[in-house]
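Colleague: First the structure, which I've put down as structure tokens, then a few questions once you've had a look.
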Amino acid sequence: MEWETKLIHSGYDIDKHTGAVSIPIYNASTYRQDSLDKPGAYFYGRYGNPTREALEGMMAVLESGSHGFAFASGMAAISSALCLLAAGQHIIAARDIYGGTYRALTGLFSRFGLEHTFVDMTDIGAVKAAVRENTSALFIETPSNPLMRVTDIRACIRLAKELGLLTIADNTFMTPYLQRPLELGVDVVVHSATKFLGGHSDTIAGVAVVKDEGLAGRMLEIQRSFGAVLNPQDCWLVLRGIRTLKVRMDAQQKSAGQLAAWLRGHPRVGRVYYPGLDDFPGNEIHFSQSSGPGCVLSFTLESGSAVRSFMENVRLPVPAVSLGGIETILSYPARMSHASMPKELRDELGISDSLVRMSVGLEALADLQEDLDRAMKQAC
Ligand SMILES: *Cc1c(COP(=O)(O)O)cnc(C)c1O
């Protein structure tokens, strides 16, 4: 099936009792057991819920996996996937990994004996050099946030296969519509469904998908034991969001591409970071593993104070953390997502005070452009 069709016709068969076209939200914590010896298909809400299963089934189809798992947030999905590892093992991740994942590895999992090394993942040599005797996993996130640095998924998989490492990929920025890491050999895909999958800035949710029966069994055990499941209402909201994933991403990506090109020629703009630009580092690798550049880009103005005044002057984009909604969102990494990072490290990574990140929404391109242009001209 083509994407348009798959998004509409996966995950749910029309309700047999009522003919309802939209899946019911099953608010049930427990299910009647007709036989004490043999529980029915459902048993207890943490173990299984039909609305949650619809979302999980949908995500398995979209990511070319066999099993999906819905969690209470992207971080719950990521932390649950990290629970596949054990004390004494070692994981390699990118230095510019999502801040929450960085905190989970350094502040939480390290206390349980999981060791970590952060490297420049765009350099496979650096990944190899970080391998130790007890290295058990690679955590991939591409393109990265906010500089859109591209990691070569296939090169990571070759190394992982050679050394028998588990691979986890955070596919939040691309979504399965643009990038399907399981097809390239990744073991576990994780998502913040809060972003493009939900798509409407109205819910916090996460998903993990695997394609291997053994891993699926282990993830199910973690989902049930750790218990960070997504509630039925929010499963329904994410499913509803996913139905329009393709049309939203097509439109938002088209605007993002046009804005990236326009920003690059703008006199107030320094650098533009967007994998869709022909000369963007890693552009070729990106397009060998993804079918589009996505809807998020970053750019610099001349100074931190110019960014401040620009962000105070824009009317349409919402100054906020998060991304992937139908509204354009402008983030200031130095004061928002990466505020807890020491300035020296931020500068070393290129996350300067003059950097702005933009998640492009569904507004008319002309309106966005006019608003950005006016706010940049006023910026001092
Ligand atoms: C937002 C985000 C997360 C965390 O997801 P939550 O739903 O906020 O818990 C993880 N990874 C990436 C790339 C994100 O953008």
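The values are calculated or read from the model by the stated rules, or taken from the named source; none is laboratory data. As the structure is a prediction and not an experimental result, all values here were calculated from the model. So basically every Cβ, Gly included, is an ideal-geometry build from the backbone, and we count neighbours across all protein chains shown. Surface accessibility is based on the protein's heavy atoms, side chains included, excluding ligands, DNA and RNA. Shrake-Rupley method; radii C 1.70, N 1.55, O 1.52, S 1.80 Å.
Colleague: Give me a count of the residues in region 345-366 that are in a loop (DSSP other than H, G, I, E, B), touching a residue at least 40 places away in the same chain (Cβ under 8 Å) and either among the polar types (S, T, N, Q) or open to solvent by 50 Å² or more (accessible area, probe 1.4 Å) (or both).
Modeller: Filtering region 345-366 down to residues in a loop (DSSP other than H, G, I, E, B) leaves 350-354, 360-364.
The next check asks that each one be touching a residue at least 40 places away in the same chain (Cβ under 8 Å); those that pass are 350-354, 360-363.
Add one more test, that the residue is either among the polar types (S, T, N, Q) or open to solvent by 50 Å² or more (accessible area, probe 1.4 Å) (or both), and what stays is 352, 354, 362.
Qualifying residue count, region 345-366: 3.
Colleague: Given the condition part of a strand (DSSP E or B) and surrounded by 21 or more Cβ atoms within 10 Å (Cβ to Cβ), answer yes or no: does some residue in region 304-327 qualify?
Modeller: So in region 304-327, the residues part of a strand (DSSP E or B) come out as 318-319.
Adding the requirement that they be surrounded by 21 or more Cβ atoms within 10 Å (Cβ to Cβ) leaves none.
Within region 304-327, none of the residues are part of a strand (DSSP E or B) and surrounded by 21 or more Cβ atoms within 10 Å (Cβ to Cβ).
Colleague: Tally time: how many residues in region 19-77 are of a type in the set (G, A, S), modelled with pLDDT under 95 and surrounded by 12 or more Cβ atoms within 10 Å (Cβ to Cβ)? Steps first, please.
Modeller: Taking region 19-77 as the starting set, the residues that turn out to be of a type in the set (G, A, S) are 19-20, 22, 28-29, 35, 40-41, 45, 48, 54, 57, 60, 64-66, 68, 70, 72-74, 76-77.
Then drop every residue that is not modelled with pLDDT under 95, which leaves 19-20, 22, 35, 40-41.
When the remaining residues are screened for being surrounded by 12 or more Cβ atoms within 10 Å (Cβ to Cβ), the result is 22.
Selection size over region 19-77: 1.
Colleague: Still on this structure, I have one more. Which pairs turn up if I take residues in region 83-98 that are acidic (D, E) and look for partners that are within 12 Å of the ligand (Cβ to nearest atom) with beta carbon separation below 6 Å, at least 6 apart in sequence or on another chain?
Modeller: D96/S144
Colleague: Given the residues A86, A93, A137, which is the only one that is under 27 Å from F69 (Cβ atoms), more than 22 Å from the chain's Cα centre (by Cα) and outside any helix (DSSP H, G or I)?
Modeller: On the way: A93 fails: more than 22 Å from the chain's Cα centre (by Cα); A137 fails: more than 22 Å from the chain's Cα centre (by Cα).
None of the other options fit; the residue is A86.
Colleague: Which members of region 200-221 meet the condition of being within 18 Å of L62 (Cβ to Cβ) and either within 13 Å of the ligand (Cβ to nearest atom) or among the hydroxyl-bearing types (S, T, Y) (or both)?
Modeller: Answer for region 200-221, where residues must be within 18 Å of L62 (Cβ to Cβ) and either within 13 Å of the ligand (Cβ to nearest atom) or among the hydroxyl-bearing types (S, T, Y) (or both): T203, A205, G206, V207, A208.
Colleague: Cβ contacts < 6 Å: first residue under 17 Å from G74 (Cα atoms) and not assigned by TED's automatic domain parsing to the domain that holds A339, restricted to region 100-113; second residue more than 13 Å from the ligand (Cβ to nearest atom) and outside any helix (DSSP H, G or I), any location; separation 6+ or different chain. Result?
Modeller: Pairs that qualify, where the first residue is under 17 Å from G74 (Cα atoms) and not assigned by TED's automatic domain parsing to the domain that holds A339 and the partner is more than 13 Å from the ligand (Cβ to nearest atom) and outside any helix (DSSP H, G or I), are L105/H116.
Colleague: Collect the residues in region 78-101 that are within 15 Å of the ligand (Cβ to nearest atom), open to solvent by 10 Å² or more (accessible area, probe 1.4 Å) and farther than 26 Å from E56 by Cα, keeping them in residue-number order.
Modeller: R95, D96
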